[in-house]
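Data first, discussion second: the structure below is written as structure tokens.
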Amino acid sequence: MRIGFRLATAFTTLVLSWAAIGCGSGGGSGSGTNPVNPISVSLSSSTVVVPQDGMPSSVQITIKSTSETALVSFNGLPGGVQATYAASDTNPSGPLTFVATTSAPAGTYSASVTANSAGQTASTQFTLVVAPVTAVSSTVDTTVGVKGKLQQFMSTSFQIAEWTGDFFGTSASAREATLNNLGPQHIRLQALSQAIPMKANTGAATDWDFTLLDQTVRPILASADHSPEFQIAAAPAWMLNAATGYLDVTNHVNDFAAYAANLVRYYNKGGFDVAGTHFQSPATQPITWWGIFNEPAYNGLTAAQYVTVYNAVVPAMLAVDPTIKFVALEFAGSTLGTGWPTDPEIWLPPFFAPASAGGVNAHLDVLAMHVYTSCNQMDTDTSLFDAVDQYVSVKKFIDQQIATRADLAGTPVWITENNVNADFAGANGTSSCNAGQTFVTDARGTSAYFAAWRPYLFSQFGKAGNQALYQWDYSGDKQYGEVDANGNPYLSYWVDRALATFYPSTAASPGPDILAATSTDTSSIETLATRASNGVVRVMIVDRAVHAATDNNGTGDPRTVIVDTSSLGNFMAASLLTIDGTTDVTNGPAADGMAPAPRFAVQLNGYGVAFLSLMP
């Protein structure tokens, strides 16, 4: 009989020599062709997934030939992948074993295997997937989050003005139900223009009109946690400097404080009277959370002026209702070191200066920032992903500033506006951020790109200790909205709902522990592993692999990720929910059950996010 042999491959291309030893007849020697009995080659699977952590992956090759030996070669294997072939003792069929290291680039490759036997050649194509591996530990990572906990809740925002219309209208019940299903906490309300209820300062009842404001505030108070954040975004028109159009701090800071105090009376303390007319909120719920001014640098205030405004307004409001809470700054800062007026390194130090040296001296509950990773539709997908890390640095700078004031230690940071692109249409349809450029709606706010971008940002900021992430805004177009003007969900709605559902965090019940995890690929994959108080482990995997450097709202590259949970012990059940470009935006994603296992293969077909849930 003939004796088979085993040979090892090197990297990208493998060529195996063969030999035959023994006696007897049977099988061709490979010295010529055999058209009567042509050879054939097939694999037991057309796709081979090879983990980057060196765990071998095998597939069976079947070689039908009159010879008991074969020469086998591979084409299309990426560097960092090693293959070995072993024939059986009696025929050339046998296992092909692949091993990848972290140097093998993650991704999907078209490869082929060729067998030469009995003087004939046959090939077959297969798909090789180099899979990143995330290993989840049972240890809580106390270096991230809030002392190891993910205490970041999700919320959304409403801008109220004559151009936003009566969103709830006659469909209030249905639209409130959709909003409730989103699961937002402390929904943010921003009143501008004609929604600012104080119209003049003549002393007449006509000075005040809450009609436009209450069209939205009343159903919001009846929704979700019944506890919105009312941002006193801008001053009434009569308090503005005629030349600049911004709040005249020198002459009207106390008037602005009195105006804010009346808002507290209107919603929380039974209203107020003007010229014999009583003004009182039609809602039964009070408003506990109040934001003082919106993006002050973009609304005409210097850093020192903002401190003056805050220190005047907060005591006046507390004198009306001492139970209310305050969100400060809500600044739209640039990244660090730009030297712009909005640079956090310029804007924040005056606020956090010692109270005796002109810094904040009024009560503070939360400090807020806004994060947009672009203001230009021309920016690439890669640049928007890269900007996330730059803004995480801003959050850490805020923490450093807070730490300079012992009396403010532990003040939470919230992101009260967040979206892909901050640009909007200006005069004649031009870009508000880019002179001479036509404004184009950036669909990345609702496309599959968002299904990778928002979870990536959520993970990065949650690990950095951020405690709230607000969508800007709820009802809008494909650049900004979670739902359209008719209340129909975009893909962004389902992304944010999943984050709110899977990672709940309230003051009474803080969020889950963040588990230590390592990944063989952090350049295109983001992983967040948590364990809730009930023992449920959840691993969020984000595919942010950009297909081409020039992509703008591209589809992303597919990724298969191996999640290794072997160190966590056994689980009774598992499920996987995926959100990507194929998700049904009308009905939302559905979770699929999975058999518990030490290692799970999670497949993402491009930009998207998957939530692996393990139930004890």
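Which net charge results for the neighbourhood of Gly487, defined as the other residues with beta-carbon distances under 12 angstrom from its beta-carbon, given Lys and Arg at +1 and Asp and Glu at -1? Surrounding charge for Gly487 is -2. Checked against a 21 Å cut-off, the cross-linked pairs Lys199/Lys478; Lys325/Lys463; Lys325/Lys396; Lys269/Lys325; Lys396/Lys478 give Cα-Cα distances beyond that limit for Lys199/Lys478; Lys325/Lys463; Lys325/Lys396; Lys396/Lys478. Answer with one residue from Ala448, Pro504, Asn587: the one whose Cα lies farthest towards the positive end of the charge dipole of region 439-595, charges on Cβ with Lys, Arg +1 and Asp, Glu -1. It is Pro504, whose Cα lies furthest towards the positive end.
Each Lys or Arg adds one and each Asp or Glu subtracts one; over the other residues with Cβ under 14 Å from the Cβ of Asp209, this totals -2. For region 539-616, carbon and sulfur atoms together expose 52% of the accessible surface, with a 1.4 angstrom probe and every protein chain in place.
How large is the accessible surface per residue of the chain, computed with a 1.4 Å probe and reported in Å² as a whole number? Show your work: numbers first, answer last.
Values: 24220 Å² over 616 residues.
Counting only protein heavy atoms, the per-residue value for the chain is 39 Å².
With a cut-off of 8 Å between alpha carbons and a minimum separation of six or more residues, what is the relative contact order of region 301-413 in percent? Provide the component values of the computation, followed by the final result.
Working: 130 pairs, mean separation 32.7, N = 113.
Relative contact order, region 301-413: 29 percent.
Of all aspartates and glutamates in the structure, the ones whose alpha carbon falls short of 17 Å from that of Lys147, not counting any fewer than 8 places away in one chain, are Asp399, Asp513. When only Cα pairs below 8 angstrom with a gap of at least 6 residues are kept, the chain shows a relative contact order of 13 percent.
Put a plus charge on the Cβ of each Lys and Arg, a minus charge on the Cβ of each Asp and Glu, and nothing anywhere else: the dipole of region 311-456 about its Cα centre is then about 180 debye.
Rounded to the nearest 500, what is the 222 nm mean residue ellipticity of the chain from helices alone, with -39500 (n - 2.57) per DSSP H run of 4+ residues and division by all residues?
-6500 deg cm²/dmol
Applying 1/(1 + (r/R0)^6) with R0 = 22 Å to the Cβ-Cβ distance of Ser103 and Ser137 gives a FRET efficiency near 0.40.
Summing +1 for each Lys or Arg and -1 for each Asp or Glu among the other residues whose beta-carbon sits under 15 angstrom from that of Thr277 gives -1. Overall, the chain carries a charge dipole of about 1560 debye about its Cα centre when +1 sits on the Cβ of Lys and Arg and -1 on the Cβ of Asp and Glu, all other atoms neutral. Taking Cα centre as origin and charging only the Cβ of basic (Lys, Arg, +1) and acidic (Asp, Glu, -1) residues, the dipole magnitude of region 432-551 rounds to 280 debye. Which residue, chosen from His252, Ile324, Thr302, occupies the Cα position most advanced towards the positive end of the dipole of region 178-328, where the dipole is computed from +1 (Lys, Arg) and -1 (Asp, Glu) charges on Cβ about the Cα centre? After comparing all options, I get Ile324.
The simple Förster model, with R0 at 41 Å and r as the Cβ-Cβ distance, assigns Ala355 and Ala590 a FRET efficiency of 0.15.
Spacing of the modelled spin labels on Leu240 and Ser123, each 7 Å from Cα toward Cβ, amounts to 7.0 nm. Across region 148-196, Cα pairs under 8 Å and at least six residues apart give a relative contact order of 61 percent. Tell me which of Phe424, Ala312, Ala409 sits at the most positive position along the dipole axis of the chain, charges placed on C-beta atoms (Lys, Arg +1; Asp, Glu -1). Result: Ala409, furthest along the dipole toward the positive end. Potential lengthening of the chain between His278 and Lys325 amounts to 14.4 nm, from the contour at 0.36 nm per residue minus the alpha-carbon distance.
The values are calculated or read from the model by the stated rules, or taken from the named source; none is laboratory data. Treat the numbers as computed from the prediction; the structure is a model and nothing was measured. Every residue, glycine among them, receives a Cβ derived from its backbone with ideal geometry; neighbour counts consider all protein chains shown. Each accessible area value is taken on the protein alone, full model and side chains, heavy atoms only, with ligands, DNA and RNA left out. Shrake-Rupley method; radii C 1.70, N 1.55, O 1.52, S 1.80 Å.
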